[in-house]
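Okay, here's the structure, questions in a sec.
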């Protein structure tokens with residue numbers, strides 16, 4: 001079953017120096033070649049651009065041109081679709097926030113993804129970010145370790 005591909009999987013696939021590179025790259029190649037629909041969000045794409053080009057994160061960051069080319073290849077594949085906020089977004093955000101213990105700070109990047117998933121009926125997220133485990137109703141799959149958690 002297909003789902004959202006999170007920023008960290010894109011970063012691993014783009015960063016040849018990452019120990020997770022081969023697994024992430026192979027995962028993306030399989031996703032892009034299969035019959036299933038996969039999803040991204042604008043926030044995930046912008047976060048990829050921010051991190052991939054950041055000299056304090058990577059010793060050899062991508063140039064903005066390299067990062068954009070990577071994104072163009074992914075987004076240009078018909079197996080990938082970018083989810084955007086619709087009319088229910090803000091009410092769903094309020095519902096999700098009321099389920100969390102202490103939503104604050106950087107967690108709002110993940111909260112936005114979780115709300116978009118609810119809004120579009122997507123239950124699975126492919127990520128190595130364990131923060132997604134706190135969102136009720138999401139099925140978290142780490143394609144690097146090939147394990148799933150709910």
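Relative to the present Cα-Cα distance, how much length would full extension add between residue 69 and residue 100 at 0.36 nm per residue of separation?
Full extension from residue 69 to residue 100 adds 7.5 nm.
At R0 = 22 Å, how high is the FRET efficiency between residue 108 and residue 87 if r is their beta carbon distance? Nearest 0.05 is fine.
0.60
How many Å³ per residue does the convex hull of the Cα positions in the chain occupy?
About 112 Å³ per residue, rounded to a whole number.
Still on this structure: Among DSSP beta bridges whose residues both lie in the chain, state the antiparallel percentage, nearest 5.
In the chain, approximately 25 percent of DSSP beta bridges are antiparallel ones.
Bear in mind these aren't lab numbers, they're just calculated from the coordinates by the rules spelled out. Everything numeric in this text was worked out from a predicted model, so none of it was measured. Heads up, the Cβs are rebuilt from the backbone with ideal geometry, glycines too, and the neighbour counts pull from every protein chain shown.
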